[in-house]
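J.: Starting off with a structure, shown below.
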Amino acid sequence: MTVERVLGDGPFAEVGRPVAMDSTVELVVIGGDLGWPQWNGRSVLDRSDRSVGWYPIGVYDAADLRCLRLLTSSWEVNTVAIHPAGRLIAIGTGAYDGGYAFEGELLIHDLDRGTTTSMLNTLRMIASLEWLDAETLSAVVAPATDEELNDWPLIEYEGYELRHPDWARLDRRSVDLNVEHRTRVEWVQSDPAVLKDSCIRLSTRLGAAWQSRRQAWALAADGDGVLVGLERAVERWDDEGNLVWRTALNGTCTQLQVGPDGSVVAAVWGQPGSAEPLDRPTTVVALDARSGAILDQAAVGYPAILVNRESGDMLIRDTRHGPAAAHPGAIWSSSFRQEGELGLSAYDLFNHYFDIRRATQFLILVGDDPRSWESKHVAEVRRTPTGSWTVERLFPLAWRSGDHLYGGPGVFVHDPAGEAIVHTGIVHDGRGLLPGNAFIARRRYPDGQLIWHVPLDNQITALDESDGRIIAVTNLGELVVVNASDGSVLARADRLSVDENPIVPLSVAIDGTDGLWLGALDGRVLQIHLRWS
């Protein structure tokens, strides 16, 4: 496997939107925000390896802005501070949990050892950090809980001056704030505009352009390059890595479909900040594949997911959770003309995601109303001889009695072994995703008999098929190639990376038999050449 080129690359691409920054003549350290890895129809948060966080911290060489190291945090990053000696980085993380506690960590990263140590003996949100000298770290800390706040949402922050002769030698969990002197202080959050200006200034100094791009949720290859659905934009790139066009959107592109006539349809999840996140409405947008011009658009009026089939028609499915919220499913032609509607069970939030590429019919997951999360079945939406539409249950999603499965992406295959649905998912467990409980499975169509099953440890974010090979990626950056007929694993890569810094793949599209496009959480797209033995 060879990475031919990286599209959308540039200074600080690894961290997305900057939220914290510090710099010296040698280093630039940026805490970033890549956006939460979910949208109204799906979530890709499930990992059995919980040591890797979702919030990036990039360490850059100040001379050429090359990323030297990419760290992650389990909580959002609020502040970073480089030690006066330049070999330690203090990182303050955390947030309010929405109901009681302000949780987070004080992390110390040692550049020489490559280690990151969590210093506090309890979880506390760290709002601001500053090195006063080589031994003294000034910290602004949120209260432990909201119990003693007199004028919510005004927060009374606590100030500490933490002293130690050698911060590189401190043990994990060795700092106890309860024995430290504290004062009441005010905290002024960093201005995002100032941070962006700093990124632009540093990039311009080297003759480079800086842009914040995130979340390549959708890819579609059409033989002339690749279409990329991002936060606030759709782009087309050609095979040589040139940006052909970029069309701005008022929201996040979560799905892309190229119709048989070459038309491009995008599902756009509503403008950030316009409503509670999961209630933001979906807009369906038709784009000209050659120019990127918007040809048509239709507001669905509620958050929805597009279920596609090879003909280019679409099933618009309401993703609001709860039995009272569900609208009937609407069937649209590729020209946005409604062809009919039908009643569907409510969408089990995130867990009814079942995006099957190249399906000849609309394939969905349904449950039993009003408990839509139970009795999950793969179902087919088809037109009856009278012209109406109906839902026909095909087979239970779980092939073993007693298992409770969640859906995922997949592909419809028709090969010498027969017609089948190759789909992904996870096995529900109250303890979270356990090793081996993510999977790729081949199910015979239409009766659902299990043909093969490949267990994995982390959630599969995307999957495609070409020339008898299934290619899947996980949210930890693994890439797995599976024989579509018998499920044998042909190849595996443990961690995908750019310049040795790991990425989180969200989407894949196969172009030909050995070309692969891969879209990442940070908004970049990898063009990969797969060499088969």
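J.: Would you kindly derive the ³J(HN,Hα) couplings of the stretch 255-262 from the backbone phi angles with the Karplus curve 6.51 cos²θ - 1.76 cosθ + 1.60 (θ = phi - 60°), listing them in order in whole Hz, with x for Gly and Pro?
T.: Per-residue couplings from phi come out as 9, 9, 9, 9, x, x, 8, x Hz.
J.: If the chain between Asp64 and Glu339 were fully stretched, how many nm would it gain, using 0.36 nm times the residue separation less the Cα-Cα distance?
T.: 93.4 nm
J.: Something else about it: Which one of Asn78, Pro37, Ala90 has its Cα pushed farthest toward the positive end of the charge dipole of the stretch 17-205, where Lys and Arg give +1 and Asp and Glu give -1 at the Cβ?
T.: Farthest along the dipole direction, towards plus: Pro37.
J.: Would you mind calculating the relative contact order of the stretch 17-205 from Cα pairs under 8 angstrom and at least 6 residues apart, reporting the percent as a whole number?
T.: 15 percent
J.: Roughly how many nanometres apart are two label points built 7 Å out from the Cα toward the Cβ at Ser291 and Ala491?
T.: In this crude spin-label approximation the distance works out to 4.0 nm.
J.: Which order do the peptides 469-475, 300-306, 61-67 come out in when sorted by mean C-beta neighbours inside 10 angstrom, highest first?
T.: By packing density, highest mean first, the sequence is 469-475, 300-306, 61-67.
J.: Okay, moving on. Over the Cα atoms of the stretch 286-437, what is the Rg over Rh ratio if Rh follows Kirkwood?
T.: Rg/Rh for the stretch 286-437 comes to 0.99.
J.: Given +1 on the Cβ of Lys and Arg, -1 on the Cβ of Asp and Glu, and no further charges, what dipole in debye does the chain carry about its Cα centre, rounded to the nearest 20?
T.: Computed about the Cα centre, the dipole is about 880 debye.
J.: Tell me the label-point distance for the pair Thr145, Asp403, using the 7 Å Cα-to-Cβ offset, in nm and rounded to one decimal.
T.: It works out to 4.1 nm between the two label points.
J.: Normalising by the residue count of the chain, find the relative contact order in percent from Cα pairs under 8 Å and 6+ residues apart.
T.: The normalised contact order for the chain reaches 12 percent.
J.: What is the magnitude of the charge dipole of the stretch 17-205 about its Cα centre, with +1 placed on the Cβ of each Lys and Arg, -1 on the Cβ of each Asp and Glu, and no other charges, expressed in debye to the nearest 20?
T.: 780 debye
J.: Using amide H atoms built in the peptide plane, which far-off residues or other-chain residues are under 5 Å from Ile440 H to H?
T.: The list, which skips near neighbours in sequence, is Val454, Leu456.
J.: Set the Förster distance to 60 Å, then compute FRET efficiency between Arg531 and Val185 from the Cβ-Cβ distance, nearest 0.05.
T.: Efficiency at R0 = 60 Å is approximately 0.55.
J.: Here is a follow-up. Quick one: what are the phi-derived ³J(HN,Hα) couplings along the stretch 303-315, Karplus 6.51/-1.76/1.60 with θ = phi - 60°, whole Hz, x for glycine and proline?
T.: 3J(HN,Hα) across the stretch 303-315, in whole Hz: x, 8, 10, 9, 9, 9, 9, 4, 5, x, 5, 9, 9.
Quick note: the coordinates plus some simple rules give every number you see, no bench work behind them. Just so it is clear, the structure is predicted and the values come from calculations on it, not from any experiment. No Cβ is skipped: glycine too gets one built from the backbone with ideal geometry, and neighbour counts run over all protein chains shown.
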